[in-house]
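Colleague: Below are the C-alpha cells for one structure; questions will follow.
Taken together, the values in this text are just the output of simple stated rules run on the coordinates, not laboratory data. Note that the structure is predicted; figures quoted are calculated from it, not measured. Heads up, the Cβs are rebuilt from the backbone with ideal geometry, glycines too, and the neighbour counts pull from every protein chain shown.
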Amino acid sequence: MTFQEFIFWFFAAVLIFAALRVITARNPVHAALFLVLAFCTSAGIWIQLEAEFLGIVLILVYVGAVMVLFLFVVMMLDINLTRLREGFWSYLPVGAVVALLLVIEMALVLAGPYFGLAEAPRPESAPSGYSNTKELGRLLYTDYVYPFELAAVILLVAIVAAIALTLRRRKHAKHIDPAQQVAVRREDRVRIVSMPAEKKEDGA
Amino acid sequence: MIDSLLAYPQSLLGPLWPVLWTLAKILMIVVPLMLCVAYLTLWERKLIGFMQIRIGPNRTTFFGIRWLGGLAQPVADGLKLLLKEIIVPTGANKFLFVLAPIMAIMPALAAWAVVPFSPELVLSNIDAGLLYLLAMTSLGVYGVIIAGWASNSKYAFLGAMRSAAQIVSYEIAMGFALVGVLMAAQSLNLGEIVMAQQGGAGFLSWFWLPLFPLFLTYLISGVAEINRAPFDVAEGESEIVAGFHVEYSGMTFAVFFLAEYANMILISMLTAILFLGGWLSPFPASWGVLGASSFGWLILKAFLVVSTFIWFRATFPRYRYDQIMRLGWKIFIPVTLVWIVVLGAWMQTPLWIWWK
C-alpha cells in the first residue's frame, strides 16, 4: 500500500464513520459537528482527486460559513426528543422511498464493473503546471458565462426574497441609528452657558 | 550542499523519509512561531505600558541578571498556566470542552503551510494558496463556538453566539479584499503575489497604494476576525465576564491565548505579504543591503502591523454590537464591492501601472 492509498483509505474510513454518526448521534449539536468532520474529510478526498479548488471551496463555504450558521441555530434550539419522535410513523413512507432511491443509486455506483464502468478510460493525471482553479475560472467566465450569471441572479433574487420575508417594520420601536450616533457633535449635546462669576456673600 | 547532507538520512529511512522530513519542516516553522507568540505577549504589555506612560513587566529575569528585567515574563506565565488545575464545569461536555482550544489553535498553525518566507522558502507552494488561507482562517471560529457551547455556561454561550455572527460577517469583507489582491496580482499563489508587487518604484509599487480601501478593510476585518480589541465582544469582560473562555483554566486557557496571538501574527504576516510587498525592500535596488529584498523586511513589516494591532487595543474602546454589524455589512462590504469594480475598470486602461 502506497502512502497515497493509505491516505485515501484513512479518509474514507473517517468519512463513513462521521456520516454514520451524523444520523445516529442523539444530540443535534454533535450531529452537526460530525457533519463538519464529514465535510472536511471529503474535502481531503477531493483534493487527492486533484480537484483542489472544489475541496478548498467546500471547506470555505460549507464548513466556514454554512455550518457555522447551522450550529448557531441548532445550539439555540430547545430540542425535545420525545416530541421529535411523535411523527415517526407518518413520515416513515416518505423516508422509506427516499432511502430506497439512495440505495439504488449507491448500488449502481458500487456495482460499476457489472455495467461496463471498467471499460471507461481512466482519467489521466493532470500535467504539472496545470491549475485546476484557473481552468475552472476560465470555463465559468467564457463558455458558461450566461448560465453562471443566471445562477448568480437567481441567488440574488433568493436573498432579496429572504430579506423581504423577514423584514418587519415596527412603528413604535425606539430605533437607534448608529450613523447618527457616530456623527454626533459636542455642540448637539452640551450647551456651554457663559455666566459672570459671583462674589461670596460675607457672613453667610 | 544541503542535498548531499540529506542523502544519508534519506537512504536510511526509506519510505518514512517524506513523512519525517515534512514533520521536521513543520517544526522549523512552528517552534519559532511559538517563541514569537510568547514574546509577542510581552511586547504587547510593554508597548501598552509605554503608551500609558508605565514601565510594563520588568521584574522577572533569567538567573537574576538585572538588565534582562521582564524578558522571562512569558516563560513564567507559561509555567504558571501549565501547573494550574484544569477544571471541567459540571454538565459540560468533556470531549468537546477539551477539543475547543485545539480547534482554535489548529487553523492558526495550519495556515502557515502556504506562507512564503522568501522566494524559495515555503513549506507548500500551492496554486490556490490564497483560497487555502481564507478557508483556514474561516475555521478558527469553531474553537470559539464549541468552547461556548461545551462550557454549559450562559456567559460563554453568549460570547460564542456573538463571535459566530461577527466572524461570518467580516469574512465576507475579508474575502472581497482578497479578490482585489488576486485581480491585481493575477494569481492565487502567495509567492507570485509578492513577485507581482516588484516594480521599479520601491514601496509605491506595492499593492497598498492601488488597493488602498481594500488594504484598510483587510486590516480592520483582520482585527475583527481574531476577536481583538476594539472588536472583542466575544470576550467583552465588562458585559459577559470573559465570554467564550470564561470556564477555561490552566493550559486549556493558555491554548486559547496562544491561538489568539498566533492568529495576530498570521494576519499581520498576510497583510505584509499581500499589501506591503512581502520580502521586497522599500528602497531602490542601488542602496546595497538596504535595497536588497530579504527575509528581514518581511519580519519588519509583520512586526509593524502587529504593533498597530496592539496600538488599536490601547487606543479604542470596545465597539457596541450593533455598530460592529453596521461597520461590517453596511460599510466594508459596499466599499470593497465598489473598489473591485473600479479596479476591474482601472486595469483595462493604460493608467494601470502595477504590471510586472
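Colleague: Would you mind pulling out the separation of the Cα centroids of the range A:152-204 and the range B:300-341, in Å?
Modeller: Here the two parts' Cα centres lie 22 Å apart.
Colleague: Quick one: length gained pulling A:Arg169 to A:Leu54 fully straight, 0.36 nm per residue minus the C-alpha distance?
Modeller: Result: 37.4 nm gained on full extension.
Colleague: Now for a separate question. If you put +1 on each Lys and Arg Cβ and -1 on each Asp and Glu Cβ, how big is the dipole of the range B:175-316 around its Cα centre, in Debye rounded to 20?
Modeller: Dipole magnitude for the range B:175-316 comes out near 540 debye.
Colleague: Using only atoms on other chains, find how many Cβ atoms lie within 10 Å of each Cβ of peptide A:56-69 and report the average.
Modeller: 6
Colleague: Under 14 Å from the Cβ of B:Ser268, count the other residues' Cβ atoms, weight Lys and Arg +1, Asp and Glu -1, and hand me the total. All intermediate terms of the calculation are to be shown ahead of the outcome.
Modeller: Working: positive: B:Arg228, B:Lys301, B:Arg313; negative: B:Glu44, B:Glu225, B:Glu260.
Neighbourhood net charge equals 0.
Colleague: What is the dipole size for the range B:27-113, taken about its Cα centre, with +1 at each Lys and Arg Cβ and -1 at each Asp and Glu Cβ, in debye to the nearest 20?
Modeller: 280 debye
Colleague: Same structure again: Show that you can apply the helix-only estimate: for the protein assembly as shown, add -39,500 (n - 2.57) for every DSSP H stretch of four or more residues, divide by all residues, and state [θ] at 222 nm to the nearest 500.
Modeller: It lands at -20000 deg cm²/dmol.
Colleague: Need one value for B:323-332: mean number of C-beta atoms belonging to other chains within 10 Å of its residues' C-beta atoms. Provide the component values of the computation, followed by the final result.
Modeller: Details: counts 5, 1, 1, 5, 2, 0, 0, 2, 1, 0.
Per residue, the number of nearby Cβ atoms from other chains is 2 on average.
Colleague: Within 10 Å of each residue's Cβ, count the other Cβ atoms and sort A:Tyr146, B:Tyr132 from fewest upward.
Modeller: With the sparsest Cβ surroundings first, the list reads A:Tyr146, B:Tyr132.
Colleague: Sticking with this structure for a sec: Using the number of other C-beta atoms within 10 angstrom as an exposure proxy, rank A:Ile23, B:Ile172 with the fewest first.
Modeller: A:Ile23, B:Ile172
Colleague: If you plug each phi of the range A:149-165 into the Karplus form 6.51 cos²θ - 1.76 cosθ + 1.60 with θ = phi - 60°, what whole-Hz ³J(HN,Hα) values come out, in order, with x for Gly and Pro?
Modeller: 5, 4, 4, 4, 5, 4, 4, 4, 4, 4, 4, 4, 5, 4, 5, 5, 5
Colleague: Another question, then. Only helices at least 20 Å long along their axis, Cα-based, and averaging 0.5 or more on Kyte-Doolittle count here, so list those DSSP H runs from chain B.
Modeller: Span-like helices in chain B: B:17-51, B:94-110, B:154-185, B:250-274, B:295-315, B:333-347.
Colleague: Follow-up. Neighbour counts of other C-beta atoms within 10 Å: give me B:Phe253, B:Phe215, B:Phe275 arranged from fewest to most.
Modeller: Details: B:Phe253 18, B:Phe215 21, B:Phe275 28.
Ordered by Cβ neighbours within 10 Å, fewest first: B:Phe253, B:Phe215, B:Phe275.
Colleague: What net charge is computed for the residues neighbouring B:Tyr39, neighbours being all others with C-beta under 12 Å from the C-beta of B:Tyr39, Lys and Arg scored +1, Asp and Glu -1? Walk me through the numbers before you get to the answer.
Modeller: Values: positive: B:Arg45, B:Lys46; negative: B:Glu44, B:Asp77.
For residues surrounding B:Tyr39, the net value is 0.
Colleague: Set the bar at 29 Å for Cα to Cα. Now go through B:Lys154/B:Lys301; B:Lys80/B:Lys301; B:Lys84/B:Lys301; A:Lys171/B:Lys330; B:Lys25/B:Lys94; B:Lys25/B:Lys301 and name every pair that lies beyond it.
Modeller: In this structure, B:Lys154/B:Lys301; B:Lys80/B:Lys301; B:Lys84/B:Lys301; B:Lys25/B:Lys94 exceed 29 Å between Cα atoms.
Colleague: Sticking with this one: Positive end of the charge dipole of the range A:125-204 (Lys, Arg +1 and Asp, Glu -1 on Cβ, about the Cα centre): tell me which of A:Val145, A:Gln181, A:Val157 has its Cα farthest that way.
Modeller: Positive-most Cα among the choices belongs to A:Gln181.
Colleague: Under 15 Å from the Cβ of A:Pro178, count the other residues' Cβ atoms, weight Lys and Arg +1, Asp and Glu -1, and hand me the total.
Modeller: Details: positive: A:Lys174, B:Arg318, B:Arg320, B:Arg326, B:Lys330; negative: A:Asp177, B:Asp322.
Residues close to A:Pro178 contribute a combined charge of +3.
Colleague: Let me ask you something else. Taking the Cα centre of the protein assembly as shown as the origin and placing charges on Cβ (Lys, Arg +1; Asp, Glu -1), which of B:Ile172, B:Trp67, B:Leu109 is farthest toward the positive end of the dipole?
Modeller: B:Trp67
Colleague: For B:Leu121 paired with B:Arg320, estimate the spin-label separation in nm (one decimal), with each label point 7 Å from Cα along the Cα-to-Cβ line.
Modeller: Taking the simple label geometry, B:Leu121 and B:Arg320 are separated by 4.8 nm.
Colleague: Right, something else. Hey, rough spin-label estimate for B:Val98 and A:Leu101, points 7 angstrom out along Cα→Cβ, what's it come to in nanometres?
Modeller: If labels sit at B:Val98 and A:Leu101, their model points lie 4.3 nm apart.
Colleague: Another one. Of the trypsin sites (Lys or Arg not before Pro) in the range B:41-94, which ones lie in a loop per DSSP and count no more than 15 other C-beta atoms within 10 Å?
Modeller: Sites meeting the loop and neighbour criteria: B:Arg54, B:Arg59, B:Lys84.
Colleague: Another question, then. With point charges of +1 on the Cβ of Lys and Arg and -1 on the Cβ of Asp and Glu, referenced to the Cα centre of the range B:201-293, which listed residue (B:Tyr261, B:Val223, B:Gly277) lies farthest in the positive direction of the dipole?
Modeller: Farthest towards the positive end: B:Gly277.
Colleague: Give me P(r) over chain B, computed from all C-alpha to C-alpha distances, binned every 20 Å, as integer percentages.
Modeller: P(r) for chain B, in whole percents per bin: 26, 56, 17, 0.
Colleague: For chain B, which span is the longest to avoid every loop-located (per DSSP) member of GluC sites (Glu not before Pro) having at most 14 other Cβ atoms inside 10 Å?
Modeller: Of all site-free stretches, the longest is B:121-356.
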